[in-house]
1. In what sequence, highest mean first, do A:84-94, B:217-227 appear when ranked by Cβ atoms within 10 angstrom?
2. Find the centroid of the Cα atoms in the range A:242-318 and in the range B:689-748, then give the distance between the two in whole Å.
3. Ranked highest first by average number of other Cβ atoms within 10 Å, how do B:251-264, B:114-127 line up?
4. Tell me, what ³J(HN,Hα) does each residue in the range B:90-95 have, in order and in whole Hz, if you take phi through Karplus 6.51 cos²θ - 1.76 cosθ + 1.60 with θ = phi - 60° and put x for Gly and Pro?
5. For peptide A:369-381, how many partner chain Cβ atoms fall within 10 Å of a residue's Cβ, on average?
6. Regarding the range B:155-312, what's the average projected area of the Cα-atom convex hull, expressed in nm²?
7. For A:T387 paired with B:R730, estimate the spin-label separation in nm (one decimal), with each label point 7 Å from Cα along the Cα-to-Cβ line.
8. If you average 1/r across every pair of different Cα atoms in the range A:279-347 and take the reciprocal, what Kirkwood value do you get, in Å?
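Bear in mind that the values in this text are calculations on the coordinates, not laboratory data. What you see is a predicted model; the values in this text were computed from it and never measured. Cβ coordinates were reconstructed from backbone atoms using ideal geometry, including for glycine residues, and neighbour counts include every protein chain displayed.
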Amino acid sequence: MQNIHSTSPGDSTIHFVLNRQVVDTPASPGMVLLDFLRREHRLVGTKEGCREGDCGACTVLLGEPGPDGVRYRTVASCLLPLAAVADRHVVTIEGLNHATLTPVQQAIVDEGATQCGFCTPGFVVALTGFLLGDEEVCAEQALAAMEGNICRCTGYVSLVRAARRLGDRFGSGLPPPGQRIPALMEAGVLPPGFDEATGGLGERVPVPPPAGGMIVAGGTDLFVQDPEKFLPGPLRSLDREPGLHGIRVEGGDVCIGAATPTEDLLQSAEVRAAVPGIEHYLRLVSSRLMRHRATVAGNLVNASPIGDLSIMLLALDAVLDISGEAGRRTLPVRSFFKAYKDVDLRPGELIEAIRWASTPGRMFHFEKVSKRRYLDIASVNTALSLTLEGGLMRRVGLSAGGVAPVPLFLAETSAGLEGQPPEPAVVDEAVTRAGSELAPIDDVRGSADYKRRLAQSLIRAHFIELFPESIGGGGSP
Amino acid sequence: MKNFDTPGHTRGSSPFIDDLPELPGTLHGVAVPSPVAHGILRDLDLSAALVTDGVVRVLTAGNVPGENQIGGIIPDEPLLAEGEVHFVGQPVALVVADSPLAARRAAKKVRVDVEELPPLFDPREAAARGMFIAPPRRLVLGDPDLAWPGCEVVVEGRADTGGQEHLYLEMQGAVAVPEARGRMVVHSSTQAPTAVQRAVAGVLGWAMNRVEVNVPRLGGAFGGKEDQANAWAALAALAAAELDRPVKVVLQRHEDLRMTGKRHPYSADFKIGLSRDLRIQAYEVTLYQNSGAAADLSTAVLERSLFHATNSYYIPHVRVTGMCCRTHLPPFTAFRGFGGPQAMFVMEAAIARAAEALGVPAWRIQDRNLLRDQDELPCGMRVHQSQARRSFDEVRERFNFEGVRSDIDRFNAEHRRQKQGLSLMPVCFGISFTNTMLNQAGALVHVYTDGSASVSTGAVEMGQGVNTKILRIVARTLGLDEGCVHMEHTNTTRVANTSPTAASSGADLNGMAALLAAQTLRERLQAVAGELLGVSAASVEMCHGQVLAEGASRELSWAGLVETAYQRRINLSAQALYATPHLQYDKQQEKGTPFAYHVFGTAMTRVTVDCLRGTYTVDAVQAVHDAGRSLDPLIDRGQAEGGIVQGIGWMTMEDLVYDAAGHLRSNALSTYKVPDLHAVPGMLEVAFLEDADNPRAVMRSKAIGEPPFMYGIGTYFALLQALQAFRPDRPAFFEAPMTPERVFRFLHDPSGTDG
């Protein structure tokens, strides 16, 4: 390992480990990692496919030092500002290569799972990240690890065979997550000396974020919309701020740090207990590659009328903890969205946390239809949250996206359902009433008429799924 | 053996155009797109762009020293717009700067002043106004007009298919490097090195011998880099010649999506007549091809549509009319299947409509009309070694068609809000360029004094494994281990006058050329060995780098033989040309033999529709495919699987959306969705026909690239069947892609046909 520049905390360089090399770069904190890798370091195994996180060709591993060692996650380098890699370990395909093919590479070769080869390094990194990551090592999880990667040649079938091969081979032999690096080095998945590269990172005092920089959380939308805006820097990368991270239960509330990546929600026992089925819904929303960066608050502030998490949080009646120069305030999510892409957030204000009541017996359901079933932006999405007390529906929250300029809480329909039994006539009336609250427009995701009627069908679907006997008519679907 | 490129791919060490090390002083070009679909180009205000940091020059049509023209078949496509603009995204200028970022910033500052003219996007409307790229064409077999009265049932209808974005993962790009003595080396991501060479030479006003085109490999192409690579290479070369510096033009995804051509959308009217015993007696179809703003390859694509209008069926009376309709969209271009899929979709739609009218399942009509040997096709060619029947029967037997049918009937009876559908999709696809001239390929094989060999051909490697197949052919012919043979990059100075690597013919043509060149070398070396060993040359064999004579091993290695041959001044290089024999086509009569042979196969597709939500899953696609004697089953399997999934994408989620002004709205990966891992059929199986043979291609193999794509059409018809299980009151509709919106409308609209 070679230290190319010495640095002291507080100067304007960004310090990180790139494969086995310590880097201190004066490059702009707003430059995306992909450009830095390809242009400044000629690490051209990381490919540019879309610059919007939708293809995975630029996948790299991002290692974060912690008390239990370095934790690695796959990220899309096209949407990752350099500010977010400070004091971390970046591993590209070149950093995985060694004298012979790794078992991941060999499985892909053996199954003929690469044709043109352009997407292949991304798949190799994704599968390596899976073996290195938090998930149980099995074939199913190996497939999930590749879901953020697009291959246009193979039809994925051979990649699935390769992933199964890896799941089978490593399924029973690997230590628990967090302790796998020596075993993976032994197996040749990681190159010799992989664990030595990060030696210095944990001991270094992180540089505090610059004051007045543009605020970026996961960046998975901001860097799609206008990456150039961030080039001049400075940047305030929220993932440097421990106070904004983590999931806890406080006084009966589930409380999510604003900059918590959505993958953490999916894996959180507290969240899963409080919102039944959420792990399945979050898988529909985005790929694991994106979930490793995309944050809950980012989804809210982005204010997309079709934001999946916004829709879920509206139904859950979540509350935002907001801080600013004028102090702190709380605001229900249902009051947050004012107009198209306009939210109740004043200059200098920041969402710090998102909370909702951990209601016992909560029933929750989420529906989404898009052109591609997984990992697509919805034509329409909708969520329903309620409790059943004495056979009557209480605390009803119904929301829908893609049907208005903002993520929509269906206040009248929700109120109309309050205190009613889950019966067909009640549902029929709710579906009709919802129709008058929806105001979709024609766009690339569908015509207004379609979206209105689809939303009504999906609202009906909530009740069929939650009450299969009384609403679904029982029997087979 | 595995594709020899794959270890490098997995290590990220296979370079693509944008990965090549940049020479010092390299500049970057970014094209300025036309903001409107149709209009008179009044003025280009370059002043703000020119003073942008890092900008070196902005080039417009006036800077073209040669011909401002890159049209391949018909010269109707200027490199940079001049006088008029004809589609949104048409390049009007090229900004050259010292970084891609600077060039992109400046490109946004070019003010394009266009006096707008009314645009036209609908091919039928274009046809009504006589706006054709070329005169309409018609193929006739028998006489449908005489046949209609004798038919038991005659039905008519309309069928439409949408376009398709290639979404090759590597974007279009080229690097042009000026050399001394007025040469230009162009590294290009192209399927057609000679087309790029011709375009660059034409634009510069140079002879072709001063332009060298080099193609390392492509990160996917699928037809999208057959003609559409020319513009970016020519723009890079134009700037490189003007500025005498290396210039790189590599598109970003959103630019590539907006500016480059895609699969042609088609609209068609059909009429089909059947006898009581389900034999198709007559078929008439009119194809309106949306060609876009320039010819590109449209006329050739249409020709293949005409040749495949009856898919895998014998129909005695056929009239097929096709029109290339000029519209104000980016020129549509080659895409896997090349017009074949669009025509086959119409044929299957006609069968579905007839089945509905007759109250029989479509597969019974398919079954009744499959091509047999000696059946005459509308183009006049007679079918040879048809595998239509075998594949159709084998797929049903192997994958339990009858059992699945009854399972689905039971499922549909038991489920109210979910319905399943099942389809069979036979495919017959002709192999050869329909333009007979293109069915030629050159190869150059060198044997070096250490015994190692290198091979150059006109084939471009884009993941289809063509170079691995060629390497294998040469190694087998020379009796060498595959590790002793090296495939060179495709380069116009080693192999000239290349046909595009397209039409599934890359391995057929270039493999055969390489075989011929290797055979020449083998014969020369056999003669030397015969003299050395005192045996007849004919009795000499070479195997694993050893020389055998009269069946026995001799004390002579391949390397020793080569060394002796060199000392005796024997030519250790051989060049060969292969031209597919027996091809001819008379465009006046519209009769001939356009194809060397046909590829056959049948796919069975099973789907489930969620009728409440209007969503669906493709549960299984199982195919029996005729690969001849496969040169490499692993590679061919990959081609089949990839083709099927791409075909499903075309039929389902891949939805090109333009707004009323001709701007592409599905202009990013977030709005144009291609199949992801979750979209793959739950079960996807491809079985190759056993004991298949093909005397008409190299080593008795068959072309594989395109035919499996068309199995994807079966997904549409399986979905249709499921939809009608929910809505038996509604007639079928034929408008692909089958998006969730179309599904929902069919399921839940009160009545009438889908609009």
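1. Peptide ranking by packing, descending: B:217-227, A:84-94.
2. 39 Å
3. B:251-264, B:114-127
4. 5, x, 10, 7, 10, 8
5. Partner-chain Cβ atoms within 10 Å, mean over residues of A:369-381: 6.
6. Values: hull surface 46.0 nm².
Average projection, Cα convex hull of the range B:155-312: 11.5 nm².
7. Inter-label distance under the simple model: 4.2 nm.
8. Working: mean 1/r = 0.0769 Å⁻¹.
Taking every pair of different Cα atoms in the range A:279-347, averaging 1/r and inverting gives 13.0 Å.
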